[in-house]
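Notes follow the structure.
The values are calculated or read from the model by the stated rules, or taken from the named source; none is laboratory data. No experiment lies behind these values; they were computed from the predicted model shown. Backbone-built Cβ (ideal geometry, glycine too); neighbour counts: all protein chains shown.
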Amino acid sequence: MPVKILYITATLQESDTLQKIREKLKVNGNPGKFELYLLVSGVGSIATSWNLKRWIESNGKPDLAINGGIAGSFRDELIPGDVVLPLTDCFADSGIEDGNDFFTLSEAGLISADEFPYKNGMLYADPWYINKIKNILKPVRAITVNTATGSESTRNRLIKKFNPDIETMEGATFFYICSRENIPFLAVRAISNKVELRNKNKWNIPLALNNLSEKLVDVLLTLQR
């Protein structure tokens, strides 16, 4: 039977990637191997959690969930167009401020750092799928925020606290729900911009999405084997 794959992305612009993937699989692979479904979840954790849970309730669990889309880079070596594989994620602005200090929920004692699905306060990608495709994509540490970072002070605080490679607004929610629902999953993100003072003249979303579709085809062809 075909493998039922749910492709989850935040925006309609990002969802165009799936059509390119379907077209390339017809040429390069076995399109009958997979049943590809699309969910445009909306931007942010709340929209993602609501729409992903509704999709599962209406359609049942997929065999594999893939979260694709763009991301901001904290690293000079990760430039627009690079496609990366998040190994870990976390809710980086979910916690408590105490003056100039910030404490995560586990650091504040509100949850256990190892309470499922967390391990040491982090959410981890599915190891089986990571091992299958780790040679295709660069592994990275991700953080998820409700407010996209656009100041040096916030950028520096996040780097000091989490030492992240990339930032998104949905990733940790995807990790959390798939882990809770026992759904195999992986995330693939393409760098569209640096995390810095917002300057859209430096962004390259078309390049990021084009490269994302290319790499996702490589991922699916690898999973076919």
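Remark: residue 81 falls outside the filter, which requires a residue to be on the phi > 0 side of the Ramachandran plot and either among the charged types (D, E, K, R) or in a strand (DSSP E or B) (or both). For the range 1-54, a residue qualifies if it is more than 24 Å from residue 167 (Cα to Cα) and either at pLDDT 95 or above or basic (Lys, Arg) (or both), and the qualifying residues are 4, 20, 22, 24, 26, 33, 54.
Count of the range 171-211 residues, restricted to those that are more than 24 Å from residue 223 (Cα to Cα) and of a type outside the set (Ser, Thr, Tyr), is 15.
Here is a yes/no grid of residues against (1) within 16 Å of residue 172 (Cβ to Cβ); (2) of a type outside the set (Phe, Trp, Tyr); (3) in a helix (DSSP H, G or I); (4) free of Cβ contacts under 8 Å to residues at least 40 places away in the same chain:
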site	(1), (2), (3), (4)
39	no, yes, no, yes
42	yes, yes, no, yes
49	yes, yes, yes, no
53	yes, yes, yes, no
58	no, yes, yes, yes
87	yes, yes, no, no
103	no, no, no, yes
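Annotation note: Cβ proximity below 7 Å between a residue of the range 1-20 that is over 10 Å from residue 66 (Cβ atoms) and assigned to a loop (DSSP other than H, G, I, E, B) and a residue that is at pLDDT 85 or above and among the small types (Gly, Ala, Ser) (sequence gap 6+ or interchain) occurs for 10/41; 10/42; 10/69.
Residues in the range 195-216 that are assigned to a helix (DSSP H, G or I), closer than 21 Å to residue 171 by Cα and over 17 Å from the mean Cα position of the chain (by Cα): 2 in all. Taking residue 62, is it of a type outside the set (Gly, Ala, Ser), at pLDDT 95 or above, over 25 Å from residue 138 (Cβ atoms) and surrounded by 15 or more Cβ atoms within 10 Å (Cβ to Cβ)? Considered against the rule, which asks whether it is of a type outside the set (Gly, Ala, Ser), at pLDDT 95 or above, over 25 Å from residue 138 (Cβ atoms) and surrounded by 15 or more Cβ atoms within 10 Å (Cβ to Cβ), residue 62 comes out as yes. Per the conditions (1) in a helix (DSSP H, G or I); (2) touching a helix residue (DSSP H, G or I) at 6+ places or on another chain (Cβ under 6 Å); (3) farther than 24 Å from residue 116 by Cα, the sole criterion not satisfied by residue 192 is (1).
So that you can scan it fast, the table gives a plain yes or no per residue for (1) under 24 Å from residue 49 (Cα atoms); (2) of a type in the set (Ser, Thr, Tyr); (3) in contact with a strand residue (DSSP E or B) (Cβ under 8 Å, 6 or more places away or on another chain):
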residue	(1), (2), (3)
118	yes, yes, no
161	no, no, yes
165	yes, no, yes
184	yes, no, yes
194	no, no, yes
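Taking the listed residues 199, 210, 163, the one that is of a type in the set (S, T, N, Q) and on the phi > 0 side of the Ramachandran plot is 163, with no other qualifying.
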